[in-house]
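Heads up: the structure comes next, in structure tokens.
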Amino acid sequence: MKDSKISGSVLAICVLSIYILQCITSGINPALASLGELYPDVSLSTITMVSTICMLASMPGNLLSGTFVKKIGFKQTMFIAFGFALVGGLTPFFIECHIYVLIFLRAMVGFAYGIFMPMGASCISAFYQDEKRSKMLGYGSSVSGLSSMIIILIGGWLVNISVRMMWLYHLIVLLPMFCVMIMPTPPQQDEISQKQKGINWSHDTWFFIIAQGVIIFFLYPILVYMSNIIVTEGMGSSVDAGYVSSVHSFACFISGFVFSYLLKMFKKRLFGTTLLCIACGFLCVALAENLLLLYIGNVLSGFGYMTFVTYCMDSLSRVTKSSQLSTALGVGFACSTIVPTISVYVFSFIGQFMNISDGNVRYMFIISSIAFLMFGTFFFLRPRKVMSENI
């Protein structure tokens, strides 16, 4: 594919558009109940698999994305993933599918999603350096957060028309597809040497990959069990739970815009600062007796989490060879995908061991807040030395 010369602002739009693809699996969430009505003879667990299979199928995509880029090139890899996403996403609109065919098609979308996930940060690291890279990574996080909210709204609006219409939200893939078509190939992708084979990562690369998995492990309760506190304890309805959860996404959106300024302010201590911010958020949730504290807790945890993730992406781009960055980012996303499953069972085991009733989930937030407080204090007082040479 022949590259075209484009201006800096157009390049920035093209690169940031890739972050829209990180949300292509979320549009189906409002339609799960309607799918149950469409397939009345299918169990709820099978219907739920239409959504969860995307995350499972994304893991091989995460792990193989870097290999594909090395073997066949960035644009070729992206267009293969575009094909999977469009075929898997739009086929149910044209053809009424058996439930297991639908699950297979969603697995195709999930595989494409896994390939898309590391590409945005990889492109930014290829095209931008230093402070500009940090700003663009922050903007990318904001685009991802905003796109997620918009796609969920579109999916909900379309499913109100009909379940078949809901699948049309996948047409949003055409926007980044056009942007990838006109943007130049990321320069580092053309400079991959055949001498560099296998995984040759530094300890710092592994540190930031594992750090993402550990933080997701303790963050998972706020993503899943927030509604339990609100509804089961009589603080509000499921609508209130939706509003409270939405501020978490909004805080993630805001954090992207201010990330570069926070990096200038805190430098290498930003890693520990974000964990302390999440700890305060979880403590607010654990001790909340009203919706106000739950709102505050979600804002703090969402802001801290997205700042932490962006910091890890920025750090990985600094400590990893450009030819292996896509693979490192893919492994990081795969780790973040599988860890929540482990988290559910571990927290459930702790609850049973402590003889805590199933409806009481506050202990999860207390445990997580203690963990974030310990990690945050340690890394604030003893920041990673590797970053002192680069920031």
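Out of all the residues in the stretch 265-306, which are outside any helix (DSSP H, G or I) and modelled with pLDDT of 90 or more? I'd like the intermediate steps shown before the answer.
Keep residues of the stretch 265-306 that are outside any helix (DSSP H, G or I), which gives 288-290.
Matches in the stretch 265-306: none.
Collect the residues in the stretch 322-333 that are open to solvent by less than 10 Å² (accessible area, probe 1.4 Å) and modelled with pLDDT of 80 or more, keeping them in residue-number order.
Ala328, Leu329, Gly330, Gly332
Where the second residue is of a type outside the set (A, V, I, L, M, F, W, C) and open to solvent by 40 Å² or more (accessible area, probe 1.4 Å) and the first is modelled with pLDDT under 75 and lies in the stretch 239-253, which pairs have Cβ atoms under 7 Å and are six or more apart or on separate chains?
Ala241/Ser227
Scan Phe303, Phe372 and give me the residue that is in contact with a Leu (Cβ under 9 Å, 6 or more places away or on another chain), touching a residue at least 24 places away in the same chain (Cβ under 8 Å) and crowded, with 20+ Cβ neighbours inside 10 Å.
Values: Phe303 fails: in contact with a Leu (Cβ under 9 Å, 6 or more places away or on another chain).
After ruling out the rest, the residue left standing is Phe372.
Given the residues Val173, Val163, which is the only one that is within 25 Å of Tyr128 (Cβ to Cβ) and surrounded by 15 or more Cβ atoms within 10 Å (Cβ to Cβ)?
Sole residue among the options that is within 25 Å of Tyr128 (Cβ to Cβ) and surrounded by 15 or more Cβ atoms within 10 Å (Cβ to Cβ): Val173.
Are any residues in the stretch 276-295 closer than 21 Å to Phe259 by Cβ and open to solvent by 60 Å² or more (accessible area, probe 1.4 Å), and if so, which ones?
If the condition is that a residue be closer than 21 Å to Phe259 by Cβ and open to solvent by 60 Å² or more (accessible area, probe 1.4 Å), then Cys280 is the only one that fits.
Considering (1) farther than 30 Å from Thr67 by Cα; (2) touching a Pro at 6+ places or on another chain (Cβ under 8 Å), say which one Phe333 fails and leave the rest.
(1)
What number of residues in the stretch 71-86 are within 18 Å of Ser322 (Cβ to Cβ) and surrounded by fewer than 16 Cβ atoms within 10 Å (Cβ to Cβ)?
Of all residues in the stretch 71-86, those within 18 Å of Ser322 (Cβ to Cβ) come to 71-75, 77-78.
Remaining after also requiring surrounded by fewer than 16 Cβ atoms within 10 Å (Cβ to Cβ): 71-72.
Total satisfying the criteria: 2.
Can you name every residue in the stretch 341-353 that is among the small types (Gly, Ala, Ser) and open to solvent by 40 Å² or more (accessible area, probe 1.4 Å)? Full working, then the answer.
Filtering the stretch 341-353 for residues among the small types (Gly, Ala, Ser) gives 343, 348, 351.
Of everything in the stretch 341-353, just one residue is among the small types (Gly, Ala, Ser) and open to solvent by 40 Å² or more (accessible area, probe 1.4 Å), namely Ser348.
Just give me the residues in the stretch 31-70 being exposed (fewer than 14 other Cβ atoms within 10 Å of the Cβ) and under 30 Å from Leu329 (Cα atoms), in sequence order.
Hits for the stretch 31-70 are Thr48, Thr67.
Look at Val309 and say whether it is modelled with pLDDT of 80 or more, open to solvent by less than 30 Å² (accessible area, probe 1.4 Å), touching a helix residue (DSSP H, G or I) at 6+ places or on another chain (Cβ under 8 Å) and not aromatic (Phe, Trp, Tyr). Walk me through how you get there before you give the answer.
On the way: modelled with pLDDT of 80 or more: yes; open to solvent by less than 30 Å² (accessible area, probe 1.4 Å): yes; touching a helix residue (DSSP H, G or I) at 6+ places or on another chain (Cβ under 8 Å): yes; not aromatic (Phe, Trp, Tyr): yes.
Here the answer is yes, as Val309 does meet what is asked.
Out of Ile356, Ile338, report the one residue that is open to solvent by 10 Å² or more (accessible area, probe 1.4 Å), closer than 14 Å to Gly213 by Cβ and among the aliphatic types (A, V, I, L, M). So that I can check it myself, show each step before the final result.
Numbers: Ile356 fails: closer than 14 Å to Gly213 by Cβ.
Going through Ile356, Ile338 in turn, the sole match is Ile338.
Given the conditions (1) modelled with pLDDT of 85 or more; (2) within 20 Å of the chain's Cα centre (by Cα); (3) under 20 Å from Val50 (Cβ atoms), which single one is not true for Trp167?
Failing condition for Trp167: (2).
The values are calculated or read from the model by the stated rules, or taken from the named source; none is laboratory data. Everything numeric in this text was worked out from a predicted model, so none of it was measured. A quick note on method: Cβ atoms are made from the backbone with ideal geometry, for glycine too, and the neighbour counts reach across all protein chains shown. The accessibility values were calculated without ligands, DNA or RNA, using every heavy atom of the protein model including side chains. Shrake-Rupley method; radii C 1.70, N 1.55, O 1.52, S 1.80 Å.
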